[in-house]
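Asks: For reference, the structure I am asking about is given below.
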Amino acid sequence: MPGINDILILLPEVYLTIAACVLLLLDAYLKPSQKGAVHWLSILVVLVGAYLVVSGQQAGSSTAAFSGMFIRDGVSTVLKLFSLVLMAVIFVYARPYLKERAIPFGEFYTLSIFAVVGIMFLVAAGSLVTVYLGLELLTLSSYALVALNRDSQLSSEAAIKYFVLGALSSGMLLYGMSMVYGATHSLDLHTIHAAIVGTEWKTLLLFGLVFMIVGIGFKLGAAPFHMWIPDVYQGAPTAVTIFIGSAQKLAAFGMAYRLLSTGMGDIAGGTTGLAPQWQLMLAVLAVLSLAIGNFVAIVQTNLKRLLAYSTISHMGYLLVGLVNAGPEGYSASMFYAVSYAITSAAAFGMIIVMSRAGFECEEIDDLKGLNQRSPWFAFMMLLVMFSLAGVPPLFGFYGKLLVLKAAIDAGMLWLALVGAVAAIIGLYYYLRVVKVMYFDAPTEGTEVRATSDVASRWMLSINALALLVLGFTWSPLLAWCQRAFAG
C-alpha cells in the first residue's frame, strides 16, 4: 500500500494532473471574452509546480516512491525544474501566436501541462514501466499539439508523420525492454543493473540494448533516427515547435540517463554492466548526428528547418558527453541539454515575435534588413545564433567545451576532434542568418516588425540576454549539475 511519503514525492505530478483537468473544465465554461484567464492561470499552475519540485527536494530524505518506480534525486529535480520554467516561458511566447490564428487556448495549455507531466514521470523513472508511461504521456500529448492548427494541411501532415514514426520507435523501445526483462526477470532499473553482472543471457541483453537505443535516438532526434524532426518542426505551429525543440530535449536526456546509466551501466561511473557496448553505439550516433545535422543545415532556406537540422547536430554534442559514461560526462550532458533548451526557446521565440497573422517569419530571407527596422531584436537574434554556434563568451560555448572535454577524458580524442570540426562547419549557417539581418536590404513588400504583445517582447529580451549573462555566470549551474550526479 502506498504511504504518505509516496504521495509527497509525487505531489508535483499529482498537482499538475489535477490542475490540467480543472483548466480543461474551466475552459469549457468560460465565455470567449474570458478565455485569456486560462493563459495566466496556466502560467501560475506550472510555476507553482516548479515551487513544489524545489520544496519537495528540500523536504526530506525519502528518495523513492511506489517500490522504487519513481525516484526523487538531484537529476530529476534539475530536469523537472527547468522543464516547468521553460513551459512558463513557452506559454508567454505562445499567447499572441495562438490568439492571432484562433488556435484553441484550452487545448494547447491542457495538452502542454499533460506533456510536462510526462516529462516529469520520464526523468524520475525507476522502472521500465514508468519510463514507458512517461514517454507515452509525453508523445501522445505532442502528437495532438502538432495537429492543433486544424486549418493547416502542413500541421496535419506533420502530425501524421510524427505519429507513425513515433509509434514505430515506441514499438522498438518496448521490444527492447521486453528482451531486457526476459534476461533479467525484472522491470526495476536498479535490479536490472545488479542482474546484468551475473546473467547468462548476454546476447539477449545486447539485442534489447540495441532496440532501446533506437528509441532513445528517436526521442533525441539523433541521426539516423532524425527523419521526423525537419517536417515536424516546420509543420507544427511555432508555439508547439518551441516546446518540442526545448523542453522535450530535457526529457530525452533524462530517459537516456535512466535507461543507460541506472539500468545498463555502472551507477558510480565505471564500466560494469553494458557500458562499454553502449558507449560505442552512442559514439556512432554522435558522429552521424554531427555530420548530417551540420551539412544538411547549410543548404536550408527555411529558418525552422535550419533549426531542425541544427537540433540534430546539437543532440550529437549531447551524446558526445554521454559517451563518457561517468559523472563528469553526465553532468556535462545535462548542462548542455539545459543550455540548448534555453537557447532553442529563444530562437523559436524570435520567430513567434516576428510573426503575425498571415505572415509566418519562417524563411531566412524574411529577416533581411531586420537591423534597420528592429535593431534591438536583431541583436537578440545575433546572441541566439552565436550561442547556438558556440561563440564565446555566450552560454552555448561552455556547453560545447564541457562535452568535448568529457569525450577527451573518456579516451575518445577522435570524437572530440569530430565535434570541434562540426562546430566550425556549423558556424557558417549561423553566420548566414546574422549576415541577412545586418547586411541585406529588406525584401520588397515584406515589412519585418516585432509583435505588439508586450509580454512576449519582454520575454524574448530576457531569454536572449540570459544567454549572455549565463555565459559569464555558468559555473553555479555546472556545480548544480555535478552535485546531481555526485555519489
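The values are calculated or read from the model by the stated rules, or taken from the named source; none is laboratory data. Keep in mind it's a predicted model, so treat the numbers as computed, not measured. Backbone-built Cβ (ideal geometry, glycine too); neighbour counts: all protein chains shown. Each accessible area value is taken on the protein alone, full model and side chains, heavy atoms only, with ligands, DNA and RNA left out. Shrake-Rupley method; radii C 1.70, N 1.55, O 1.52, S 1.80 Å.
Asks: Does at least one position in region 265-281 carry a residue that is open to solvent by less than 10 Å² (accessible area, probe 1.4 Å), at positive phi and either polar (S, T, N, Q) or outside any helix (DSSP H, G or I) (or both)?
Replies: no
Asks: Give me a count of the residues in region 307-329 that are open to solvent by less than 10 Å² (accessible area, probe 1.4 Å), over 12 Å from Gly293 (Cβ atoms) and touching a helix residue (DSSP H, G or I) at 6+ places or on another chain (Cβ under 7 Å).
Replies: 6
Asks: Restricting attention to region 150-164, which residues are touching a helix residue (DSSP H, G or I) at 6+ places or on another chain (Cβ under 7 Å) and open to solvent by 50 Å² or more (accessible area, probe 1.4 Å)?
Replies: Selection gives Leu154, Glu157, Lys161, Phe163.
Asks: Next question, about the same structure. Filter region 371-391 down to residues that are at pLDDT 90 or above and in a loop (DSSP other than H, G, I, E, B), then give me how many there are.
Replies: Number satisfying all stated conditions: 2.
Asks: Still on this structure, I have one more. What's the number of the only condition in (1) more than 25 Å from Leu274 (Cβ to Cβ); (2) assigned to a helix (DSSP H, G or I) that His193 fails to meet?
Replies: (1)
Asks: Could you list, in sequence order, all residues of region 173-190 that are open to solvent by 30 Å² or more (accessible area, probe 1.4 Å) and at pLDDT below 90?
Replies: Answer for region 173-190, where residues must be open to solvent by 30 Å² or more (accessible area, probe 1.4 Å) and at pLDDT below 90: His185, His190.
Asks: In addition: Among Ala147, Ala167, Ala102, Ala94, which is the only one that is farther than 30 Å from Val210 by Cβ and either without any contact (Cβ under 8 Å) to a residue 12 or more places away in the chain or surrounded by fewer than 19 Cβ atoms within 10 Å (Cβ to Cβ) (or both)?
Replies: Going through Ala147, Ala167, Ala102, Ala94 in turn, the sole match is Ala102.
Asks: Residue check, Phe66 against (1) farther than 25 Å from Ile244 by Cα; (2) open to solvent by less than 40 Å² (accessible area, probe 1.4 Å), all met but one. Which one?
Replies: (2)
Asks: Given (1) in contact with a Ser or Thr (Cβ under 7 Å, 6 or more places away or on another chain); (2) closer than 18 Å to Gly126 by Cα; (3) β-branched (Val, Ile, Thr), identify the lone condition not met by Val197.
Replies: All conditions pass for Val197, except number (2).
Asks: What are the pairs, 6+ residues apart or on separate chains, where a residue within region 230-241 that is touching a residue at least 60 places away in the same chain (Cβ under 8 Å) has its Cβ under 7 Å from a residue that is of a type in the set (Lys, Arg)?
Replies: Listed pairs, sorted by first residue: Pro230/Arg305; Asp231/Lys161; Val232/Lys161; Tyr233/Lys304; Tyr233/Arg305; Gln234/Lys304; Gln234/Arg305; Thr241/Lys304.
Asks: Still on this structure, I have one more. Are any of the residues in region 422-440 buried (at least 23 other Cβ atoms within 10 Å of the Cβ), modelled with pLDDT of 90 or more and in contact with a Lys or Arg (Cβ under 8 Å, 6 or more places away or on another chain)?
Replies: Yes, that holds for at least one residue.
Asks: Just checking, which of Val14, Val78, Val85, Val22 is in contact with a helix residue (DSSP H, G or I) (Cβ under 8 Å, 6 or more places away or on another chain) and loosely packed, with under 15 Cβ neighbours inside 10 Å?
Replies: Val14
Asks: Considering each of Ser127, Ser112 in turn, give the residue that is under 23 Å from Leu282 (Cβ atoms), in contact (Cβ under 8 Å) with a residue 40 or more places away in the chain and either in contact with an Asp or Glu (Cβ under 6 Å, 6 or more places away or on another chain) or open to solvent by less than 10 Å² (accessible area, probe 1.4 Å) (or both).
Replies: Just a single option satisfies the conditions, and that option is Ser127.
Asks: When the residues of region 393-413 are filtered to those that are more than 20 Å from the chain's Cα centre (by Cα), in a loop (DSSP other than H, G, I, E, B) and in contact (Cβ under 8 Å) with a residue 40 or more places away in the chain, which remaining residue is nearest to Val469 (Cα to Cα)?
Replies: Ranking the candidates gives Pro393 first.
Asks: Next question. Among (1) part of a helix (DSSP H, G or I); (2) closer than 17 Å to Ile425 by Cβ; (3) among the polar types (S, T, N, Q), there is one condition Gln300 misses while meeting the rest; what is its number?
Replies: Every condition holds for Gln300 apart from (1).
Asks: When region 191-203 is examined, which residues are found to be open to solvent by 60 Å² or more (accessible area, probe 1.4 Å) and over 15 Å from Arg258 (Cβ atoms)?
Replies: Correct list: Ala194, Val197, Gly198, Glu200, Trp201, Lys202, Thr203.
Asks: Under 9 Å by Cβ, and 6 or more places apart or on different chains, what pairs join a residue from region 4-23 that is aromatic (Phe, Trp, Tyr) with one that is open to solvent by less than 80 Å² (accessible area, probe 1.4 Å)?
Replies: Short answer, once both residue conditions are applied: Tyr15/Val45; Tyr15/Val48; Tyr15/Gly49; Tyr15/Leu52.
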